[in-house]
Structure formats: C-alpha cells, structure tokens
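The values are calculated or read from the model by the stated rules, or taken from the named source; none is laboratory data. Please read all numbers here as calculations on a predicted model, not as lab measurements. Counting neighbours? That spans all protein chains shown, and the Cβs are built from the backbone with ideal geometry, glycine included.
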Amino acid sequence: MSEDEHQPADGGDEQEPVQHRLDPDAAVAQHRGRQRRQLPQPVIDTRPYRWAIGIFGVVLVIVISVVEFATHGVSTAGVQSGQRLINFAAPIATSDLVGDVQLADPCKFGDFGGRAVNTCVLEKRGPLVLGFFVPGVGQCDREVDTMEKLSSRFRGVQFAAVAASSSKVSTAKDVRSHHWTIPVAYDRDGALAQVYGVELCPMLELAYRGGVVRSLLFGADWDRPATLASKISALVAAEPRS
C-alpha cells in the first residue's frame, strides 16, 4: 500500500445458506493448511467401459463433494466466533492511496490519515462490523447497502467493507454508484480474501471492541436491515464493559 504509488517500508455464531460463491478453490488452503481431495488417476484402458466409468465418475464427484461440504462446509471460511480478527490494513478505494493489503504487522501503518481500513484502528474505537463482497454482484452490493443504512443508527459501532479480489477502479465505481459513505477498501490481489477464507457472499464478521469475533454471518438474511440490526444490537448489548 503506498501514497502516489510508492510502497512504504515493510513493516459466528450463525451461518445461513450460500447465496453467491466467490472462488471455491482459493480461500483457506494457504492460511489454515486445508488440502482439497484429488480424484485418483488409474492408468488403465478404459475404452471398453467408457459409459460405466462416466457414470461412476459423476457419482464419485458427487460423493466427494458431499463429504467435503459435510467435513468443512462454510465453517472453514471466515474467523469463527470467539477467535480474534486477522488484522490488516487495506487502501480505501476512493482515496488516493494505491497498493496491496498489508498483512505483515499492519498495526504500525495506522489508517494513513483516514485513507485505509485498518482493523487495528477500528477495533479500538468500538464494536466492528466487517463485510466482504464482490463489486457489481447484486447480493453482495445489497450487503454493503444494508451496512450503510445501519451505520447511521449504530453510531458507536465501526463499519467497514472490503472488495475481495477487486481493483481500485471497479471498487470505487461501485462505491460512488451506491453512494456509500462507510469506508470501503479493495483487496487487489486477493491475499486478504485468501487469509479470511472468503468463499461466500454476503459474509460479515461482527467483533467486539478489541477484535474478538462474536458472530460470523453468511447468507441472504443479512442483507436485510432489520435482521442484521438484531445481530448488531446483540453485539452491542454483550460488549464487555471495561
């Protein structure tokens, strides 16, 4: 992340049905060490039995998919309830800040004078609602629309969104077309999306002050203001008192 394209020194409790799948092959493997299964590749002459092997292959893929979902499902994505957010600093799309997300010791970067989303800064100010989305995808955009509406209602809560694997230009265009005023950052190379295991949209992390996650939310219900407001109210009510 840099000013004028100059890089600085190196440094839930509820889940809903899948609405939009971002990149099912990208998300969690590097950060959490999960390896996807690969089908065996037997070296045999299959020509006399192509029809049978074709049917068997389809069935095998279905079985493996079911096992994969049952074993991992959406629970492999995101930071789970009771865990701390993975801190990062990411440039806000409508600012003049250009560059990639900072994951190595992001707390030393600050928020670049309000031009970056830095969870180290936001989680000190109060409870945090952090959303991940893809610009131009209806369900994902509605997630940020809802966050925008609720930001004026919950004044003590911090709201921020990150466009997963998106460019500065396309993210900024989406921000301006929707008239969003909450900070919206972009994750140009998808590094943050991979670390957070972003596979679904909507995906929201609701965290207490200090960064411990209370709720990890997926699905269409959370783009409805009344439904998301109930979860934010619960977050605020359960906020530990210092």
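Odds and ends about this structure:
- Residue satisfying all of: in the stretch 177-223; of a type in the set (Ser, Thr, Tyr) and either modelled with pLDDT under 95 or not in a loop (DSSP other than H, G, I, E, B) (or both); surrounded by the fewest Cβ atoms within 10 Å (Cβ to Cβ) among these: Ser177
- All positions within the stretch 198-233 that are within 13 Å of the chain's Cα centre (by Cα) and aromatic (Phe, Trp, Tyr): Phe218
- For the stretch 109-119, the count of residues that are part of a loop (DSSP other than H, G, I, E, B) and basic (Lys, Arg) is at least one.
- Test for Ser166: is it hydroxyl-bearing (Ser, Thr, Tyr), in contact with an Asp or Glu (Cβ under 6 Å, 6 or more places away or on another chain) and not in a helix (DSSP H, G or I): no
- Qualifying residue in the stretch 101-118 (condition: at pLDDT 95 or above and in contact with an Asp or Glu (Cβ under 6 Å, 6 or more places away or on another chain)): yes
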